[in-house]
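Below is one structure, written out as structure tokens; comments come after it.
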Amino acid sequence: MKRTFILVSVLLAAVLLLTSCGAPLTLDRTELNMIVGDSVELSAGSAVKVNWESSDHSVVTVNAGTVSAKSAGTATVTASLENGEQATCAVTVSDKLINVITLDVKSARIEAGKTIQLTASYAPADASKTDLSWESSDESVAQVDDEGYVTGIGEGVATITCKSENEVEASCAVTVGSAPTPTSAATLPPSTEAPTQAAAPPDETAAEAESETTAEPVVSGEYLFPESSARYLTDSEIASRLSGMSGSPVSDSFAQDAINEIYARHGYIFRTPAIRAYYEAQPWYSANPSYDGSLNAAEQYNIGLLSKY
């Protein structure tokens, strides 16, 4: 009986010894390369009551073995047991970089002295570094600032390039000439909200054009020039109307407000917050993101007249 008790005690001691001296703590990965925003789960095998810790919480955080990348850098994730045993994983986090840049237009034409804005979009939308730079292939033809505003300098063709920090780029061919060019929603000068250069007036006189127009005039006391989209205005009525206006213009002048009004009728969405808010408050205004900047003959002619004031 005594021998049996001793044998059982020895066996129990052996089991306890084997349990306490089980397989060492290990992780399924000792190195991780991640991109900002990624999450990866580390496994400590069959180990229980594992404590997880990151050496730099600004780079990575860890919760129950799930490692989340927060910013570019390096950090060490440590798993530890109550008995002091530890295992580590070295983590390197890289920025999520832009891989595609797209410009709103691939080619544009402007006059010397005029300005347009090119708009760039990029992917992925949640890229870590989104700084973009702009440059012109020939600054004697066109110059560009850090917001994509392109100004025509002299006749010719220049390539405007938008580039990310990791050298991904997109370009637009800009032709600068002296002749008036068609206007579009993608080529609006920054200071005037809507193009002020109009097509040449028709061969007939303004009075003849007025009598021949078939468009119904828009009549509303809320418009500066209620019929500026329906018929050809005259210099005298524009001068008379502008001279009688009081208060402060929405943009830099009442004449420019009248030009903007023509575009607003088509639903043009203005970039300047104050001007956009003004038209959004008008009951007749309806924003049209697909408006392409096209104008009828009367509108082009009237913009030409208004641009002189």
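Things worth noting here:
- Test: residue in the stretch 131-140 that is in a loop (DSSP other than H, G, I, E, B), open to solvent by less than 50 Å² (accessible area, probe 1.4 Å) and out of contact with any helix residue (DSSP H, G or I) (no Cβ under 9 Å at 6 or more places or on another chain): no
- The strands (runs of 3 or more DSSP E) found entirely in the stretch 33-107 that carry 2 or more residues being at negative phi and of a type in the set (A, V, I, L, M) are 60-63, 66-69, 73-80, 86-94, 100-103.
- Some residue of the stretch 48-64 being open to solvent by less than 80 Å² (accessible area, probe 1.4 Å) and free of Cβ contacts under 8 Å to residues at least 12 places away in the same chain: yes
- Members of the stretch 279-297 that are at pLDDT 85 or above, open to solvent by less than 80 Å² (accessible area, probe 1.4 Å) and part of a helix (DSSP H, G or I): Tyr279
- Of everything listed in (1) surrounded by fewer than 18 Cβ atoms within 10 Å (Cβ to Cβ); (2) at pLDDT 85 or above; (3) not acidic (Asp, Glu), the single unmet condition for Ala200 is (2).
- Enumeration of residues in the stretch 257-287 that are free of Cβ contacts under 8 Å to residues at least 60 places away in the same chain and within 19 Å of the chain's Cα centre (by Cα): Ile269, Pro273, Arg276
The values are calculated or read from the model by the stated rules, or taken from the named source; none is laboratory data. None of the values given here were measured: they were computed from a predicted structure. Don't worry about glycine lacking a Cβ; one is built from the backbone with ideal geometry, like all the others, and counts go over all protein chains shown. Only protein heavy atoms, including side chains, enter the accessible area calculation; ligands, DNA and RNA are left aside. Shrake-Rupley method; radii C 1.70, N 1.55, O 1.52, S 1.80 Å.
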